[in-house]
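Just so it is clear, none of the values below were taken in a lab; they were calculated from the coordinates. Everything numeric in this text was worked out from a predicted model, so none of it was measured. Positions of Cβ are backbone-derived with ideal geometry, glycine not excepted, and every protein chain shown enters the neighbour counts.
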Amino acid sequence: MSAITVRRADYAQAADAAAVVMLLDAYASDPAGGGEPLSDFAKARLVPSLAARPTAFSILAFDGEQPVGLVNCIEGFSTFACQPLVNVHDVAVLVSHRGRRIGELMLALAEQIARERGACKLTLEVLSGNQGARKLYERIGFADYQLDPAMGHACFMQKWLE
């Protein structure tokens, strides 16, 4: 077993680009990611589309030379704080490497980059049934979003524009 290393992905490097696509495809194919592989369109356009967005960055984890984890982040903006925030959009660790705190290592680097960007917070969404991920996020300081406890916590919603 090699030491796990984490670093920011370089979208211009073919190996990093391939790792981003492979890891996101593995995550999408997992029940926690929806259970469907990425479309050919997404596989072909993912890295160029991320690279075209200066507010996006990805973090890769490696076991030796093997890519085993991915975090995709996209900067947003907190109107209440009038500061940037960083949304952790994807957290993926290959099944073979789960339980080794790889997600924690990648999220620590995401937090460091967010602080360097002057972000006021990290945000993420997680499926309520993904207890392993919830435990990780809570262990490293994430909590349900709320303003006034009487109003409850935020619910993440979506509306497809197809």
*Tally time: how many residues in segment 46-71 are farther than 23 Å from residue 117 by Cβ and surrounded by 14 or more Cβ atoms within 10 Å (Cβ to Cβ)?*
4
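Name the residues in segment 77-94 that are crowded, with 22+ Cβ neighbours inside 10 Å and more than 14 Å from residue 50 (Cα to Cα), would you? Explain how you work it out, then say what you get.
Keep residues of segment 77-94 that are crowded, with 22+ Cβ neighbours inside 10 Å, which gives 86, 88, 91-93.
Of everything in segment 77-94, those that are crowded, with 22+ Cβ neighbours inside 10 Å and more than 14 Å from residue 50 (Cα to Cα) turn out to be 86, 91, 92, 93.
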*Tally, over segment 7-29, of residues that are part of a loop (DSSP other than H, G, I, E, B), in contact (Cβ under 8 Å) with a residue 12 or more places away in the chain and surrounded by fewer than 16 Cβ atoms within 10 Å (Cβ to Cβ)*: 1
*Is there a residue being surrounded by 15 or more Cβ atoms within 10 Å (Cβ to Cβ), hydrophobic (A, V, I, L, M, F, W, C), out of contact with any strand residue (DSSP E or B) (no Cβ under 9 Å at 6 or more places or on another chain) and under 25 Å from residue 118 (Cβ atoms) anywhere in segment 36-44?*
no
*Go through 74, 4 for me and flag whichever is under 19 Å from residue 122 (Cα atoms), surrounded by 14 or more Cβ atoms within 10 Å (Cβ to Cβ) and among the β-branched types (Val, Ile, Thr).*
74
*All strands (runs of 3 or more DSSP E) inside segment 42-142 with 3 or more residues being within 26 Å of residue 4 (Cα to Cα) and not polar (S, T, N, Q)*: 56-63, 66-78, 83-93
